[in-house]
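Working notes for the structure below.
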Amino acid sequence: MSAEEREGLPEGWVETTLGVVTDYGRTNKAEPHEIPADAWVLELEDIEKDTSKIINRANFFERDSKSTKNKFYSGDVLYGKLRPYLNKVVIADSDGFCTTEIVPIEQKEYSDSRFVFYWLKHPTFLKYVSTVSHGMNMPRLGTESGQQAPFLLAPLPEQIRIADKLDALLARVEAGRERLERVPKLVKAFRQAVLRAAVSGELTREWRENNPQKRLKFTPQDETKRGRLWGSGIVPELTEEEVASLPSEWHWVKVGALGLSGIPAVQIGPMSMKSNEFEATGHPVLNVGTVQSGFFDHEKLNYLPHKLTSPFKRYIVEKGDILFTRSGTIGRCAVASSSEDGFLMTFHLLRVRVNQEVCLTTYAFYAFQGGHTVKRQIEESAIGATRAGFNTSLLEGLDIPLPPLPEQAEIVRRVEALFALADRLEARYQSALASFNRLTPALLAKAFRGELVPQDSNDEPASVLLERIRAQRAAEESKPKRGRSVAPGSVEEPKRRGRPPKAQAEAGEQVPSAEAAAQALDLQPPRRRGRPPKVRPEAQAQAPTAIPEASSYEDAVRRLEALKLERAGGTRQVGLFDMEPAEG
């Protein structure tokens, strides 16, 4: 935290670390065979960034997961440590299991889990984790760094008041955001409605009544016959309802009949242009990725070396051309402006160049975008089982509604005016959204400055609470861990590794008896693989039935070593203390 933030710490608050107040990093692991089939399993992608919304819920059976999970309980704070800048934090509303990239933080009696939750979304905490996370492509917050993260501790009653206030305010913020997020869908629907009205004649109904026109006439030879490429893909006929749906002054016209004299209306890109010839610089080439709905994305341009462009002069794009995608997302189109004038195009694009004395380019673009009949014909005539495609003949065979030129100009004028209104609505939406995005961090900052709710002088200071937390944590850590129990008041002998030290009897020390030494040693024969060795009858007859009395502890050990050698049937054994037995 900055010095300014420390100086502005509210009265009664203390600065500490996340590892002091919570058990961050302490997890309860569960293997797949330990997880019930109906248990909730939360993955990181189930949490929406920034909003803390759970956008998908699935149980273990649906996940069919094979990896270790972290167990969590209702009320735990679940923190996504992978790519922490995504700000994925939620409070569990039920028990479950989660990916190990999510850290469950157990709810404690000395802190409100909501208070902890809101701190993990605070700008100060986000700034900290973005600084200490490790990893380039997939940064991750380490356990130690998480434990050392700054934490502002408020008195417990004030934590609850702050959390309650934030719950209420942020619920209103979220409700406003949800209403605001409807705007883009409404604007998109508005644009589509405008285009449908434009190409159906509804937009200019009153205008036609006040401006009588003559209908354009097309002779059959002007129209291009329906064709197919590679033996498939036929443009469907117009339905009777579609034929009768146009105003009397309008015409159904094939796209192929709209070209200039001697120049085809539709031109496909060159097959001979190879993608492996593209370089970082050179002549700009439009491709499927550059053609978006109504605009061109120049960041996705290809570049062909200038020395290789001479065979492709007929594929040069001019201002006013309509570029139409013929693979991938079929039918996406945009009108070339002066920015694209002179560019080349790839084999995956179709170029439409219309006669301006018959059809205005902008009107043709609106017809491609908003005509229900055009969309139906494109969808029903696209070829390819796994990857849909389109070709020159199919595009030439599409039917578009064509009004007289004066009405085309009026339609373009009205559509542009209505689209300008939609653009203003989108601009206001973006401005309002930016304000909403700033509102949540501002409320969190205000809350942790102690300015969101009134303070109460009767609240126990956080410094006292912190001391109690430390005492409780210390008591928990001092509890004996699970394992072999130790008698009260006794000191457990530390385990030794390697050979034991030689036993030496000190003055006044009681020497263990031979029986005690026998009990201290394992007299079982060494384990073998396979069948056990046969015991010789003479050895069995000579085997002692008891251990003779020894004069000292060392003597007992030597006698036991000799006994073990006899029982092993003559097998050579390593001496326990590497000592030779005493003679005679």
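Listed here are the residues, each with its yes/no results for (1) more than 26 Å from I162 (Cα to Cα); (2) in contact (Cβ under 8 Å) with a residue 60 or more places away in the chain; (3) touching an Asp or Glu at 6+ places or on another chain (Cβ under 7 Å).
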site	(1), (2), (3)
Y24	no, yes, no
E43	yes, no, no
K49	no, no, no
I55	yes, no, yes
N70	yes, no, no
I91	no, no, no
S94	no, no, no
Next item on the list: For the range 334-352, state whether one or more residues are touching a helix residue (DSSP H, G or I) at 6+ places or on another chain (Cβ under 9 Å), more than 17 Å from P264 (Cα to Cα) and open to solvent by 20 Å² or more (accessible area, probe 1.4 Å).
Entry: yes
Item checked: In the range 16-30, residue most open to solvent (accessible area, probe 1.4 Å) [restricted to those that are among the charged types (D, E, K, R) and modelled with pLDDT under 95] -> R26
Next item on the list: Quick one: Y110 ticks every box in (1) within 28 Å of L466 (Cβ to Cβ); (2) in contact (Cβ under 8 Å) with a residue 60 or more places away in the chain; (3) crowded, with 19+ Cβ neighbours inside 10 Å except a single one, so which number is it?
Entry: (3)
Next item on the list: Starting from residues that are open to solvent by 70 Å² or more (accessible area, probe 1.4 Å) and among the aliphatic types (A, V, I, L, M), keep the ones in the range 264-284 and report whichever is nearest to T325 (Cα to Cα).
Entry: M271
Margin query: For V412, only one of the following conditions fails: (1) surrounded by fewer than 23 Cβ atoms within 10 Å (Cβ to Cβ); (2) over 20 Å from G294 (Cβ atoms); (3) of a type in the set (A, V, I, L, M, F, W, C). What is its number?
Written below: (2)
Next item on the list: Within the range 74-118, track down each residue that is polar (S, T, N, Q) and in a helix (DSSP H, G or I).
Entry: S113
Notebook entry, point to check: When the range 417-428 is examined, which residues are found to be over 14 Å from A189 (Cβ atoms) and either open to solvent by less than 40 Å² (accessible area, probe 1.4 Å) or of a type in the set (S, T, Y) (or both)?
Noted result: A420
Margin query: Taking the criterion of being assigned to a loop (DSSP other than H, G, I, E, B), open to solvent by less than 20 Å² (accessible area, probe 1.4 Å) and within 19 Å of V352 (Cα to Cα), would at least one residue in the range 293-301 satisfy it?
Written below: no
Notebook entry, point to check: Taking the condition free of Cβ contacts under 8 Å to residues at least 12 places away in the same chain and of a type in the set (D, E, K, R), does R179 pass?
Noted result: yes
Item checked: Enumeration of residues in the range 336-386 that are under 20 Å from V291 (Cα atoms), β-branched (V, I, T) and touching a strand residue (DSSP E or B) at 6+ places or on another chain (Cβ under 9 Å) -> T346, V352, V354, T361, T362, V374
Notebook entry, point to check: Does the range 39-66 hold any residues that are open to solvent by 20 Å² or more (accessible area, probe 1.4 Å), under 30 Å from Y118 (Cα atoms) and assigned to a loop (DSSP other than H, G, I, E, B), and which are they?
Noted result: E43, E48, K49, D50, T51, S52, K53, I55, N56, R57
Note to self: Let me confirm something: among T329, T362, which residue is in contact with a helix residue (DSSP H, G or I) (Cβ under 7 Å, 6 or more places away or on another chain), open to solvent by 30 Å² or more (accessible area, probe 1.4 Å) and hydroxyl-bearing (S, T, Y)?
What the structure shows: T362
Item checked: Only listed residue being modelled with pLDDT of 50 or more and in a loop (DSSP other than H, G, I, E, B), chosen from E451, E515, E477 -> E451
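The values are calculated or read from the model by the stated rules, or taken from the named source; none is laboratory data. These figures come from a predicted structure and were not determined experimentally. Counting neighbours? That spans all protein chains shown, and the Cβs are built from the backbone with ideal geometry, glycine included. When the accessible area is computed, the model is the full protein with side chains, heavy atoms only, and any ligands, DNA or RNA have been set aside. Shrake-Rupley method; radii C 1.70, N 1.55, O 1.52, S 1.80 Å.
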